[in-house]
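The values are calculated or read from the model by the stated rules, or taken from the named source; none is laboratory data. Predicted, not measured: the structure shown is a model, and the values here were computed from it. When we count neighbours, we look across all protein chains shown, and the Cβ atoms used for this are built from the backbone with ideal geometry, even at glycine. Keep in mind that these areas ignore ligands, DNA and RNA; they rest on the heavy atoms of the full protein, side chains included. Shrake-Rupley method; radii C 1.70, N 1.55, O 1.52, S 1.80 Å.
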Amino acid sequence: MDTTVEMDIEIKEVKESKISEVDFNNIAFGNIYTDHMLIADYKEGSWQDVKIVPYEDLKLSPATSALHYGQSIFEGLKAYRNEQREEEVLVFRPWENWKRLNESAKRICMPELPEEIFMQGLEELLKLDKNWVPKGRGKSLYIRPFMFATDAYIGLKSSETYRFMIFASPVGAYYSQPVKVKIENHFVRSANGGVGYAKVAGNYAASLYPAKLAQDEGYNQLLWTDAKEHKYIEESGTMNVMFMIGDTLCTAPAGDTILHGITRKSVLELARDWGIKVEERFVSIDELIDAIEKKELKEAFGTGTAATIAHIETIHNDGIDYQLPEIEARDFSNKVLKELTEIQRGKKEDTREWIFRV
Ligand SMILES: *Cc1c(COP(=O)(O)O)cnc(C)c1O
């Protein structure tokens, strides 16, 4: 973080903002975009041409290698209005997204991105589109950094050129309903030695069909299990998953099959600070069902940027729906959701250097 150098970003502003066309009281997820976007191109061995331009469609060759062989990675983070100082925008742990982008890049043979392109790019984009960060309860600006291979070449090889971009989308209040999940014992999301820990585009393509089958049966998402034995719980849909068993918070270790969630990391840090016993270890289906039957499973929830915390109300395994304790009784997950929300929105002091201010 201390090696950053100032960098020139060429800025081409929109002639007229589209913001007056947006009804901020009725925004769905992910279909409205702000006025500008950031672009950087990698060619001849270095990142160059960093610029901010009006949001517009891309022009691509049909042979663009990302479209065929999937060298494509992404990130997701949010900016919030400071509730104490409305002119300020707060971004939650963007340095972690930068680091994770580079872990993903490395795994699928893409060039790493310098911190200043990510951070200064983000800052300049937010300065220009600050008015797009919605005010009001639950609302935020979802930010999507991503990188993809741009060689127009259909031989299978690692591309020599790449594009990094950031665009952003205002999102409405995310009233996360408690979710019903189904334990998946056939399909796999992630295997040892694979790319499950990285935010690689293809991981999400592979999860759509199994998720659809579960949705057709009335479940919101899957509880993924390990690829080898389908014996241990790994993640919940596109969230990390945590269980409060007795008085111990358990979650799968962030190895190579588990996405290294920033919400996961933050929840664990708060839990440890509060003196709660934390175990980063795999929980087996048998242990989980046993804990439900003995009423030792107090809480179960997913963690991720979109919802922060998503309570799990039902877990399906092998023909049986298990109902979990009522949401109001879940002391830890309710407390941690409140704490994170207050830090993200400036209601509570940022004592951990989690917040980037614009
Ligand atoms: C993005 C993601 C998460 C959550 O990560 P956060 O950094 O907390 O948003 C968890 N699991 C998967 C598979 C993901 O893609």
Q: Answer with yes or no whether ALA214 is within 16 Å of the ligand (Cβ to nearest atom) and open to solvent by less than 20 Å² (accessible area, probe 1.4 Å).
A: yes
Q) Which residues, counting only those in segment 237-265, are within 8 Å of the ligand (Cβ to nearest atom) and not in a loop (DSSP other than H, G, I, E, B)? A) MET239, ASN240, ILE262, THR263, ARG264, LYS265
Q: Could you please let me know if LEU288 is in contact (Cβ under 8 Å) with a residue 40 or more places away in the chain, in a helix (DSSP H, G or I) and away from the ligand (no atom under 11 Å from the Cβ)?
A: yes
Q: Report, by residue number, each residue of segment 129-158 that is open to solvent by 10 Å² or more (accessible area, probe 1.4 Å), closer than 23 Å to MET37 by Cα and not in a strand (DSSP E or B).
A: LYS130, ASN131, LYS135, LYS139, THR150, ASP151
Q. Taking the stated definitions as given, is ALA227 touching a His at 6+ places or on another chain (Cβ under 7 Å), among the small types (Gly, Ala, Ser) and within 16 Å of the ligand (Cβ to nearest atom)?
A. no
(Q) Looking at GLU279, GLU299, GLU353, GLU313, can you tell me which residue is free of Cβ contacts under 8 Å to residues at least 60 places away in the same chain, assigned by TED's automatic domain parsing to the domain that holds PHE243, open to solvent by 40 Å² or more (accessible area, probe 1.4 Å) and outside any helix (DSSP H, G or I)? (A) GLU279
Q. Restricting the search to segment 167-190, which residues are part of a strand (DSSP E or B) and within 16 Å of the ligand (Cβ to nearest atom)?
A. ALA168, SER169, VAL171, VAL179, VAL181
Q) Pairs, please: C-beta under 9 Å, at least 6 apart or cross-chain, first residue not assigned by TED's automatic domain parsing to the domain that holds MET110 and away from the ligand (no atom under 12 Å from the Cβ) and in segment 191-207, second of a type in the set (Asp, Glu) and outside any helix (DSSP H, G or I)? A) ALA191/ASP226; ALA191/ASP256; ASN192/ASP226; ASN192/ASP256; GLY193/ASP256; GLY194/ASP256
(Q) Every residue in segment 69-98 that is basic (Lys, Arg) and out of contact with any helix residue (DSSP H, G or I) (no Cβ under 9 Å at 6 or more places or on another chain), please. (A) ARG81, ARG85
Q.
Out of everything in segment 31-76 that is among the acidic types (Asp, Glu) and either open to solvent by 50 Å² or more (accessible area, probe 1.4 Å) or within 16 Å of the ligand (Cβ to nearest atom) (or both), what residue ends up being nearest to the chain's Cα centre (by Cα)?
A. GLU75
Q.
Cβ contacts < 8 Å: first residue outside any strand (DSSP E or B), restricted to segment 45-68; second residue modelled with pLDDT under 95 and not polar (S, T, N, Q), any location; separation 6+ or different chain. Result?
A. ALA63/TYR153; ALA63/ILE154; SER65/TYR153; SER65/ILE154; HIS68/ILE154
Q) Looking at (1) without any contact (Cβ under 8 Å) to a residue 40 or more places away in the chain; (2) within 16 Å of the ligand (Cβ to nearest atom); (3) hydrophobic (A, V, I, L, M, F, W, C); (4) open to solvent by 20 Å² or more (accessible area, probe 1.4 Å), which is the only condition LEU268 fails? A) (4)
Q: Report whether or not LEU113 is more than 15 Å from the ligand (Cβ to nearest atom), of a type outside the set (Gly, Ala, Ser) and buried (at least 17 other Cβ atoms within 10 Å of the Cβ).
A: yes
(Q) Regarding segment 75-89, can at least one residue be identified that is assigned to a loop (DSSP other than H, G, I, E, B), closer than 21 Å to TRP354 by Cα, out of contact with any strand residue (DSSP E or B) (no Cβ under 9 Å at 6 or more places or on another chain) and polar (S, T, N, Q)? (A) yes
